[in-house]
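What follows is a short report on a single structure.
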Amino acid sequence: MSRVSSFLASEAIERAGVSLDAVRDALPSVESDTVFVRQAGMIMRRTWATGVLAVTTPWGVFAHPRVMWWWQSGSNDRNLAELVIHELVHVEQLNNVGLVKHATKYLSDYLRARRAGLTHQQAYLGLDAEIEARQIARRVVASV
């Protein structure tokens, strides 16, 4: 099997049986058929915390090789769709407030939580942007 370097978000969503209309309803500013999920390079991944599977940037979604394997093998379609929708929520957040405002709030909220004594994982899970992304992704996937 040859190595897959990218796929469209919409492909992963449809393959899991999730309605693209449900995604459009939840994320009106995102066109899932234009967002590529690409394998993140080793240098990029070295900046990620342990356990991170994907990161959204203004240039698209960058994923851990494990995520690319899920796509290639078809072994984890539902979890892949939920992860992709989670990342599309971040695309929506960027579209709504812009990169600088989104990144500033995300980082300041994270640092505030860390200064308050929370672990990395606790601070990350408590971020408004992450809570929203998890809730929307779970709700859309559960609608199947």
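Within segment 100-144, which residues are farther than 24 Å from residue 25 by Cα and of a type in the set (Val, Ile, Thr)? Within segment 100-144, 100, 104, 119 qualify. Residues of segment 30-53 being surrounded by 12 or more Cβ atoms within 10 Å (Cβ to Cβ) and of a type in the set (S, T, N, Q), which ones? Result: 32, 39. The set of residues from segment 74-102 being free of Cβ contacts under 8 Å to residues at least 12 places away in the same chain, more than 15 Å from the chain's Cα centre (by Cα) and in a helix (DSSP H, G or I) comprises 97, 100, 101.
Candidates are the residues of segment 122-138 that are in contact (Cβ under 8 Å) with a residue 12 or more places away in the chain and more than 15 Å from the chain's Cα centre (by Cα); the one that is farthest from residue 51 (Cα to Cα) is 126. For residues in segment 57-72 being in contact with a strand residue (DSSP E or B) (Cβ under 8 Å, 6 or more places away or on another chain) and either modelled with pLDDT of 95 or more or part of a helix (DSSP H, G or I) (or both), which is surrounded by the most Cβ atoms within 10 Å (Cβ to Cβ)? Among them, the one singled out is 63. Assess whether residue 16 counts as being over 19 Å from residue 71 (Cβ atoms), crowded, with 17+ Cβ neighbours inside 10 Å and among the hydrophobic types (A, V, I, L, M, F, W, C). It is false that residue 16 is over 19 Å from residue 71 (Cβ atoms), crowded, with 17+ Cβ neighbours inside 10 Å and among the hydrophobic types (A, V, I, L, M, F, W, C). The number of residues in segment 31-56 that are touching a Leu at 6+ places or on another chain (Cβ under 9 Å), farther than 12 Å from residue 90 by Cβ and part of a strand (DSSP E or B) comes to 2. Scanning segment 1-30 for residues that are under 14 Å from the mean Cα position of the chain (by Cα) and in a loop (DSSP other than H, G, I, E, B) yields 27, 30.
The values are calculated or read from the model by the stated rules, or taken from the named source; none is laboratory data. If you're wondering where the values come from, they're calculated on a predicted model, not measured in any experiment. Neighbour counts run over all protein chains shown; Cβ positions are idealised from the backbone, glycine included.
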